[in-house]
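Chemist: The structure under discussion is supplied below as structure tokens; questions concerning it will follow.
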Amino acid sequence: LEQVPSQIGDPLLRTSEITDGAEVGNLLDIAWQPVIPGYDDKAILLVLDDRNQVFRYDPRVEGPSKLDLMGSESFGKLTQIESFTGRLYMADSGNGQLLRYPAGRYAEAPPDNWFAAPMSLDEMRSMRIDGDVWMLMRDGRVMRFNSGEQDAFSLDNNVGLMREPVDFVVGDGTNPFIYV
């Protein structure tokens, strides 16, 4: 039986701390970036702050560092970060857009605007990606997007109206459920 020796964790990144010359703002969201063959040979934790900065954390070698992102000068207000198939996705509520970076090329290539047309992201609580982009809204709606366009989708009505949902998980091919 393996046990964690101490339940008190070590902070990886702190608000107001200086990392790579940048002051860390309030932490907003995290995402796991798996290995990207040909670009990044180790998995890393990505952390988004309220100053539109993304920090990376490699627990084995480097510790925290600031991730340079091409096009960052045009960010409005980033609120969510996700990774899927090596690509980096960030919800920009200031510009009403989902930004998508190509796999491993965050500093060399600007992001694509993923939505066909800007949309309001102010009420989004959480975002998940499984090939489609799923968004949980403050009023309990779950929205599904494919290729930048909204797909018709609604939750089963027998669960009742959700009040103040916090987060959600979208199952995979073996588990087709959505947990809110």
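Chemist: When you look at A116, is it part of a loop (DSSP other than H, G, I, E, B) and either open to solvent by less than 30 Å² (accessible area, probe 1.4 Å) or under 26 Å from L12 (Cα atoms) (or both), yes or no? Before you say what the answer is, go through the steps one by one.
Modeler: On the way: part of a loop (DSSP other than H, G, I, E, B): yes; either open to solvent by less than 30 Å² (accessible area, probe 1.4 Å) or under 26 Å from L12 (Cα atoms) (or both): no.
Taking the combined requirement at face value, the residue does not satisfy it.
Chemist: While we're on this one: Out of all the residues in the range 129-146, which are more than 15 Å from Y179 (Cα to Cα), open to solvent by 20 Å² or more (accessible area, probe 1.4 Å) and not charged (D, E, K, R)?
Modeler: G131, N146
Chemist: Could you tell me whether any residue of the range 25-46 is crowded, with 18+ Cβ neighbours inside 10 Å and farther than 25 Å from V133 by Cβ?
Modeler: No, there is no match, as no residue in the range 25-46 is crowded, with 18+ Cβ neighbours inside 10 Å and farther than 25 Å from V133 by Cβ.
Chemist: Which of (1) in contact with a Lys or Arg (Cβ under 9 Å, 6 or more places away or on another chain); (2) open to solvent by 20 Å² or more (accessible area, probe 1.4 Å); (3) under 25 Å from G171 (Cα atoms) does E149 not meet, given it meets every other one?
Modeler: (1) is the only condition that E149 fails.
Chemist: Which of the residues belonging to the range 15-29 are in contact with a strand residue (DSSP E or B) (Cβ under 9 Å, 6 or more places away or on another chain) and either over 12 Å from D50 (Cα atoms) or not in a strand (DSSP E or B) (or both)?
Modeler: T15, S16, E17, T19, D20, G21, A22, V24, G25, N26
Chemist: Here is a follow-up. Here is a check on your reading of the model: is Y57 in a strand (DSSP E or B) and in contact with a Pro (Cβ under 6 Å, 6 or more places away or on another chain)? Walk me through how you get there before you give the answer.
Modeler: Numbers: in a strand (DSSP E or B): yes; in contact with a Pro (Cβ under 6 Å, 6 or more places away or on another chain): yes.
In short, yes.
Chemist: For the range 60-81, how many residues are open to solvent by 30 Å² or more (accessible area, probe 1.4 Å), closer than 22 Å to M135 by Cα and not in a loop (DSSP other than H, G, I, E, B)? Step through it out loud before you land on a result.
Modeler: So in the range 60-81, the residues open to solvent by 30 Å² or more (accessible area, probe 1.4 Å) come out as 60-62, 64, 66, 68, 70, 72-74, 76-77, 79.
From what's left, closer than 22 Å to M135 by Cα: 76-77, 79.
Next, from what is left, pick out any that are not in a loop (DSSP other than H, G, I, E, B): 79.
Selection size over the range 60-81: 1.
Chemist: Do we have S147 as closer than 23 Å to G86 by Cβ, within 15 Å of the chain's Cα centre (by Cα) and hydroxyl-bearing (S, T, Y) here? Quick ask: steps written out before the conclusion?
Modeler: Values: closer than 23 Å to G86 by Cβ: yes; within 15 Å of the chain's Cα centre (by Cα): no; hydroxyl-bearing (S, T, Y): yes.
Answer is no for this residue.
Chemist: Also: Please count how many residues of the range 30-47 are part of a loop (DSSP other than H, G, I, E, B) and among the aliphatic types (A, V, I, L, M). Give the steps one after another, and end with the answer.
Modeler: Residues of the range 30-47 part of a loop (DSSP other than H, G, I, E, B): 34-35, 37-39, 41-43.
Narrowing the set further to residues that are among the aliphatic types (A, V, I, L, M) leaves 35, 43.
The qualifying residues number 2.
The values are calculated or read from the model by the stated rules, or taken from the named source; none is laboratory data. From a predicted model like this one, the values you see are computed outputs, not experimental measurements. For neighbour counting, all protein chains shown are included, and Cβ atoms are generated from backbone atoms with ideal geometry for every residue, glycine included. Surface areas here come from the heavy atoms of the whole protein model, side chains and all, with no ligands, DNA or RNA. Shrake-Rupley method; radii C 1.70, N 1.55, O 1.52, S 1.80 Å.
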